[in-house]
Amino acid sequence: MMEIIPAIDLIGGQCVRLTEGDFSQQTTYDSNPLEVAKRFEANGIKRLHLVDLDGARARKPVNLNVLESIAANTSLTIDFGGGLQSDEAVQQAFDAGAAQITAGSVAVREPEKVKNWLLQYGADRIIIGADFKGTNIAISAWTEESKYPLQDFMSGYLKTGAKLFICTDVSKDGKLQGPSTNTYRHLKLTLPEAQVIASGGVTTVQDLEELQEIGVKGAIIGKAIYEGTISLKDLARFLC
């Protein structure tokens, strides 16, 4: 079964969503992320994608207290990202209760550092964040498209032992316009050993059905839950 992974994005300790990663296009949905996480758990959700947007801007974790609170008060398996630029920050995230961390921009800028994390913690605990626009990796907090092809980026990390990838189509994130199904289908065909977690644009239950048919490992759902285009009850059919 495909894993269903709701997202909680944090700014100022509150649950928010951005559009295309743009901090000027912010909507605040709940002031209590722990209660949101508990609602997910009560509806059978097992995993959580927790993103420290303040940390992403500061280039160091800012909302570790929220991670710690959710980890201590739920049984959710949490992957945490945002501001993880140093060995110390990664260890802080694990110490605060993260089961996994997502290496985002640092995976593009400092691949040797991320390769060391893979060796130290194992490929099951380090997720490579492969944010993309078009066919290329997106950089500079999603504001520009690099000349680094998505497929080459993932292939390089597979050779160093990585296996988990969150692939976020930046152009679709927060827009409720459907995911980049064709891109994920192509990745599954060309890089079958990659465990792809689809992110960005998931809007309807049909989107999830199509992603499951492709064979992605998981699907991250953010705005669709908060805006009600997918209800938590709708997700029951996808949960083990």
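Here are some notes:
- With contacts taken as Cα pairs under 8 Å and at least 6 residues apart, the stretch 1-111 reaches a relative contact order of 23 percent.
- The chain: relative contact order in percent, alpha carbon pairs under 8 Å with at least 6 residues between: 19
- Overall form of the chain per C-alpha gyration tensor (a/c, 1.5; a/b vs b/c): rounded
- Per residue accessible area of the stretch 76-171, 1.4 Å probe, in Å²: 40
- Lysines whose Cα lies under 20 Å from that of K172, excluding same-chain neighbours fewer than 8 positions away: K133, K147, K188, K217, K223
- Cβ-based charge dipole, the chain, positive-most Cα from Y226, S86, Y29: S86
- Efficiency of FRET from Cβ geometry, H186 and E110, R₀ 35 Å, rounded to 0.05: 0.80
- Averaging the Cα positions of each part gives two centres, and for the stretch 191-206 and the stretch 75-154 these lie 17 Å apart.
- Each eigenvalue of the Cα gyration tensor of the stretch 68-175, multiplied by 5 and square-rooted, gives one semi-axis; in descending order these are 24, 17, 12 Å.
- Proximal aspartates and glutamates to K159, defined as alpha-carbon separation beneath 20 angstrom and excluding residues fewer than eight positions away on the same chain: E110, E112, D124, D131, E193
- P(r) tail fraction, the stretch 83-129 - alpha-carbon pairs more than 18 Å apart, %: 12
The values are calculated or read from the model by the stated rules, or taken from the named source; none is laboratory data. These numbers were taken from a predicted model, which means no experiment stands behind them. In this analysis, Cβ positions are derived from the backbone assuming ideal geometry, glycine residues included, and neighbour counts consider all displayed protein chains. Heads up: the accessible areas ignore ligands, DNA and RNA and are worked out on the full protein's heavy atoms, side chains in. Shrake-Rupley method; radii C 1.70, N 1.55, O 1.52, S 1.80 Å.
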